[in-house]
């Protein structure tokens, strides 16, 4: 009578083999996923910084658009610096100011956003951020020769994760502090990310 010997894997050996296989597969996948998320966050962070920097440049343009046409100043000309810094109803950029010259909070501290138009002179549109969702940015990928790809116009444009708020604060009679803050949320991260830039604008034309 012959006895046949059969060999094979035991249950423990099978489980060990499966564990090793999972480690080999899951490890690189986890690294790839983490790297992809990190790359995506870095890209968004760079975009947010440039959007914040653009906010400061648009604020400077808002001042220059008022002051430059009257430089050098003459007694017969109006006072464009007053137009730039006025926080009452007659102020051109009143919605951008979150404090008056006395340090009192105004406009509920909401601020504004500035976007440049595609017309021949590049005029600015002022958006009041006190309205819910008003300062959410949209990406325009269709307008030919657009001065900026980011806008507050939702029609025909793609909603982005970015919101930009620009605030003006007077610092004395001839100085205004400008802050541009961009916020966004990456993927499933609950906490919003923020990039903030700041500059000072002066009555450098002597009005």
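Looking at the range 129-146, which of the residues that are free of Cβ contacts under 8 Å to residues at least 40 places away in the same chain and in contact with a strand residue (DSSP E or B) (Cβ under 6 Å, 6 or more places away or on another chain) is surrounded by the fewest Cβ atoms within 10 Å (Cβ to Cβ)?
Initial filter on the range 129-146 (free of Cβ contacts under 8 Å to residues at least 40 places away in the same chain): 129-136, 138-146.
If we keep only those that are in contact with a strand residue (DSSP E or B) (Cβ under 6 Å, 6 or more places away or on another chain) as well, we get 129, 134-136, 138-140.
Details: 129: 25, 134: 15, 135: 24, 136: 17, 138: 18, 139: 13, 140: 16.
The extreme case among them is 139.
Quick check on this structure: which one of 188, 196 is at pLDDT 85 or above and either surrounded by 12 or more Cβ atoms within 10 Å (Cβ to Cβ) or over 17 Å from residue 99 (Cβ atoms) (or both)?
196
Residue-by-condition table, conditions (1) out of contact with any strand residue (DSSP E or B) (no Cβ under 9 Å at 6 or more places or on another chain); (2) within 22 Å of residue 129 (Cα to Cα); (3) modelled with pLDDT of 95 or more; (4) surrounded by 18 or more Cβ atoms within 10 Å (Cβ to Cβ):
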| residue | (1), (2), (3), (4) |
| --- | --- |
| 51 | no, yes, yes, yes |
| 59 | no, yes, yes, yes |
| 75 | yes, no, no, no |
| 81 | yes, no, no, yes |
| 87 | no, yes, no, yes |
| 90 | yes, yes, no, no |
| 95 | no, yes, no, yes |
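This table checks each residue for (1) over 19 Å from residue 182 (Cα atoms); (2) assigned to a strand (DSSP E or B); (3) under 27 Å from the mean Cα position of the chain (by Cα).
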{"site": "50", "(1), (2), (3)": "no, no, yes"}
{"site": "58", "(1), (2), (3)": "no, no, yes"}
{"site": "65", "(1), (2), (3)": "yes, no, yes"}
{"site": "73", "(1), (2), (3)": "yes, no, no"}
{"site": "78", "(1), (2), (3)": "yes, no, no"}
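Residue 154 is checked against (1) assigned to a loop (DSSP other than H, G, I, E, B); (2) touching a strand residue (DSSP E or B) at 6+ places or on another chain (Cβ under 7 Å); (3) surrounded by 16 or more Cβ atoms within 10 Å (Cβ to Cβ) and fails just one. What number does that condition carry?
Every listed condition holds for residue 154 apart from (3).
Looking only at the range 168-207, which residues are more than 26 Å from residue 47 (Cβ to Cβ), in a strand (DSSP E or B) and in contact with a helix residue (DSSP H, G or I) (Cβ under 7 Å, 6 or more places away or on another chain)?
Once the filter is applied, which keeps residues that are more than 26 Å from residue 47 (Cβ to Cβ), in a strand (DSSP E or B) and in contact with a helix residue (DSSP H, G or I) (Cβ under 7 Å, 6 or more places away or on another chain), the range 168-207 yields 170, 176.
The values are calculated or read from the model by the stated rules, or taken from the named source; none is laboratory data. Bear in mind that the values here come from a model prediction, so they are computed numbers and not experimental data. FYI the Cβ positions are ideal-geometry reconstructions off the backbone, even for glycines, and counts take in every protein chain you see.
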